[in-house]
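*Asks:* One structure coming up, written as structure tokens, with questions to follow.
Where a number appears in this text, it was derived from the coordinates with a stated rule and is not lab data. Please read all numbers here as calculations on a predicted model, not as lab measurements. Because the Cβ atoms are built from the backbone with ideal geometry, glycine has one as well, and the counts that use them run over all protein chains shown.
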Amino acid sequence: MNKTSFFSKKPISCPVCGSSFHREEMLTGSGRLIAGNLTEELRRLYEVNKKFGEVNPLVYPITVCPSCFFAAYPADFSDVPLESVPELKKNSEKRVAVIRPIFPELEFREPRGLKEGVAAYYFALMCYDYFPKFTAPTIKQGLSSLRAAWLCNDLHTAMPNENYDYMARLFYRKARFFYTLAVEYESDGTESLGNAGNLGPDLDKNYGYDGVLYLASYLEYMYGPQEDPEKREKSLHLAKRIVARIFGMGKATKSKPEAILNCSRDLFDSINEALKEFGGADA
């Protein structure tokens, strides 16, 4: 099988434990990625490449120290606040203790697979608790949770009897929490999404603030409260208010990506349909 990744020649020094390692990067070009459909979660699917097999670019974005499992997106990895280093170092064992029972054979010095991809996002999710607000850590935790859910779905497809679908649901719920909180923080000035860099959610296109609004609404609709009628109605109204902002941002609607507009209209209609049970649907 042809290679899909390589390890950088220049070593990286971990700002938490000081160990040196080489970051794994995905090889590009040579037609490795054959774009397929875009899902309603704004995930880009890829067709199996006859030459390279299955290529999943989502396993590579997080930089992970293979010694202490400190993890972050590349732009943040070397900029961890000095005051956070002792706590991050102390929690090294905690990070690995949580994930080892699920993935006992993780190895970030070798080419990554789906399990390392999930673990990397989970480590990042934990580590961003120690980053300052100006780095927009909340949406990065949401993005990491969502991508971890996607990779768990991929694991479930490959190994349907291992309960990875259950793990995916847990990550979707985490993503729902962080996306909703990120929208709230953007509104009240606690964190600026403009400081987050590429908001994805996938690697092929940055859907920006509209993408965050859409996914916050989608995740609230799909993974918000379901059993308690009062909480469900409140959750649906929240999801509706969030997605409606995509059409009321002042920027000409026709200039927005077609995928966002189509998905948002479908979601708005689905929320309205669900609200009919409570007598709360309107235009």
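*Asks:* If amide H atoms are built 1.01 Å from N in the plane of the peptide, which residues on other chains or at least 5 residues away come under 5 Å of the amide H of N49?
*Replies:* Amide H neighbours of N49: E54, V55.
*Asks:* Right, here's the next one. Which distance in nm do the two modelled labels at A259 and V96 give, with both placed 7 Å along the Cα-to-Cβ direction?
*Replies:* Going by the 7 Å Cα→Cβ label model, 3.7 nm.
*Asks:* Return the sequence-ordered ³J(HN,Hα) values of region 109-125 in whole Hz as given by the Karplus equation 6.51 cos²θ - 1.76 cosθ + 1.60 applied to θ = phi - 60°, using x for Gly and Pro.
*Replies:* These are the phi-based 3J(HN,Hα) values: 9, 10, x, 6, x, 4, 5, 5, x, 4, 4, 4, 5, 5, 4, 4, 3 Hz.
*Asks:* Under a Cβ-only charge scheme (Lys and Arg +1, Asp and Glu -1), can you give me the dipole magnitude of region 198-265 about the Cα centre, in debye to the nearest 20?
*Replies:* Numbers: 11 positive and 9 negative charges, 79 e Å.
So the magnitude is around 380 debye.
*Asks:* Looking at the chain as a GNM with Cα springs under 10 Å, which of G117, G197, G211 has the largest mean-square fluctuation?
*Replies:* Result: G197 has the largest fluctuation of those listed.
*Asks:* How much FRET efficiency would the formula 1/(1 + (r/R0)^6) give for E277 and S84, where r is the Cβ-Cβ distance and R0 is 45 Å, rounded to 0.05? Numbers along the way, then the final one.
*Replies:* Values: r = 46 Å, r/R0 = 1.02.
For R0 = 45 Å, the calculated efficiency reads 0.45.
*Asks:* Taking a temperature of 4 °C and a viscosity of 1.567 mPa s, what whole-number D in µm²/s does Stokes-Einstein yield for the chain with Rh from Kirkwood over alpha carbon pairs?
*Replies:* Working: Rh = 20.0 Å.
Once the numbers are plugged in, D ends up at 65 µm²/s.
*Asks:* Residues with amide H under 5 Å of S5's amide H, sequence separation 5 or more or different chain, H placed in the peptide plane at 1.01 Å from N; which?
*Replies:* Counting only residues 5 or more places away or on other chains, the set is L27.
*Asks:* While we're looking at this one, here's another question. Mind sorting K234, K140, K240 by how few other Cβ atoms lie within 10 Å of their own Cβ, fewest first?
*Replies:* On the way: K234 14, K140 25, K240 22.
So the ranking, lowest neighbour count to highest, is K234, K240, K140.
*Asks:* What ³J(HN,Hα) values, in whole Hz, does the Karplus curve 6.51 cos²θ - 1.76 cosθ + 1.60 give for region 100-107 when θ = phi - 60°, with x put for Gly and Pro?
*Replies:* 4, x, 8, 10, x, 10, 5, 8
*Asks:* Among T190, T63, T180, determine the one that fluctuates most according to a GNM of the chain built with springs between C-alpha atoms less than 10 Å apart.
*Replies:* Of the options given, T190 has the highest mean-square fluctuation.
*Asks:* Quick one: what are the phi-derived ³J(HN,Hα) couplings along region 168-183, Karplus 6.51/-1.76/1.60 with θ = phi - 60°, whole Hz, x for glycine and proline?
*Replies:* 4, 4, 4, 5, 4, 5, 5, 4, 4, 4, 6, 5, 4, 5, 5, 5
*Asks:* Still on this structure: Taking GluC sites (Glu not before Pro) as candidate sites, keep only those in a DSSP loop with at most 10 other Cβ atoms within 10 Å, then name the longest stretch of the chain containing none of them. All intermediate terms of the calculation are to be shown ahead of the outcome.
*Replies:* On the way: sites that count: E105, E227.
Longest stretch, sites excluded: 106-226.
*Asks:* To the nearest 20 Debye, how big is the dipole of the chain about its Cα centre, given +1 on the beta carbon of each Lys and Arg and -1 on that of each Asp and Glu?
*Replies:* Working: 36 positive and 37 negative charges, 144 e Å.
Charge dipole of the chain: 700 debye, to the nearest 20.
*Asks:* Check A72: other-chain or 5+ apart residues with amide H under 5 Å from its amide H, H built from backbone geometry?
*Replies:* T63
*Asks:* Output the pairs from K89/K231; K9/K140; K9/K115; K51/K174; K234/K256; K51/K115 with a Cα-Cα distance over 30 Å in this structure; if there are none, say none.
*Replies:* On the way: K89/K231 39 Å; K9/K140 27 Å; K9/K115 24 Å; K51/K174 36 Å; K234/K256 28 Å; K51/K115 23 Å.
Listed pairs above 30 Å: K89/K231; K51/K174.
*Asks:* For the chain, modelled as a GNM with alpha-carbon contacts under 10 angstrom, which of P101, P66, P15 fluctuates the most?
*Replies:* P101
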